[in-house]
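Please read the structure below before turning to the comments.
Readers should treat all values here as calculations from the given coordinates under stated rules, not as data from a laboratory. Computed from a predicted structure; not experimentally measured. Please note: Cβ atoms are built from the backbone with ideal geometry, for glycine as well, and neighbour counts cover all protein chains shown.
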């Protein structure tokens, strides 16, 4: 209730900054997250492996695009319903978004895994890096369900007015990814996969 009152009676410039700054920082962290993967792979595996990760970026962007399609709609629709004090509709929107996320992410995973080699060749994979690119992209595609659900639920939090909480969730995932990159590449020696 306190948050709803704050949104209804608060200063518009403060609200815009308070709700948009965490979202903007999340986008910057997303770019940083991809760069961190590249730095670890380039330094811990090889430059060929780094080129494989770069070639696989097209598949990552497809997954991100579809997840943000659902996530942005979820956020906006949830905010509109909560602004009208229609909590039941907001809950229904979030539930439908999660269901749609599951269906879409499973479809993306299956299609992606079936078409992985042609997609990577389309994005510029060569004979030298196609094997490593397929390893990396297979792991990325296998985690599509988790990525899409994380994007949608995080954006639902933003739509409910909890932009700072959503940012903390995203920032913690970047920290965990950085730690796991180091452990998997330098300690376990798992390479690009």
Among the residues of segment 172-190, write down those that are surrounded by 16 or more Cβ atoms within 10 Å (Cβ to Cβ) and farther than 19 Å from residue 32 by Cβ.
none
Among the residues that make up segment 102-123, is at least one of them farther than 30 Å from residue 44 by Cβ, touching a helix residue (DSSP H, G or I) at 6+ places or on another chain (Cβ under 6 Å) and crowded, with 23+ Cβ neighbours inside 10 Å?
no
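Could you please let me know if residue 137 is closer than 13 Å to residue 63 by Cα and touching a helix residue (DSSP H, G or I) at 6+ places or on another chain (Cβ under 6 Å)? It would help to see each step written out before you state the result.
Details: closer than 13 Å to residue 63 by Cα: yes; touching a helix residue (DSSP H, G or I) at 6+ places or on another chain (Cβ under 6 Å): yes.
Spelling it out, residue 137 is indeed closer than 13 Å to residue 63 by Cα and touching a helix residue (DSSP H, G or I) at 6+ places or on another chain (Cβ under 6 Å).
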For residue 16, work out the one condition from (1) in a helix (DSSP H, G or I); (2) in contact with a helix residue (DSSP H, G or I) (Cβ under 9 Å, 6 or more places away or on another chain); (3) farther than 30 Å from residue 187 by Cα it doesn't fulfil.
(2)
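Each row is one residue, and each column tells you yes or no for (1) within 21 Å of residue 175 (Cα to Cα); (2) surrounded by 16 or more Cβ atoms within 10 Å (Cβ to Cβ); (3) within 17 Å of the chain's Cα centre (by Cα); (4) touching a residue at least 60 places away in the same chain (Cβ under 8 Å).
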position	(1), (2), (3), (4)
12	no, no, no, no
16	no, no, no, no
29	yes, yes, yes, yes
36	yes, yes, yes, yes
43	yes, no, no, no
50	yes, yes, no, no
66	no, yes, yes, yes
77	no, yes, no, yes
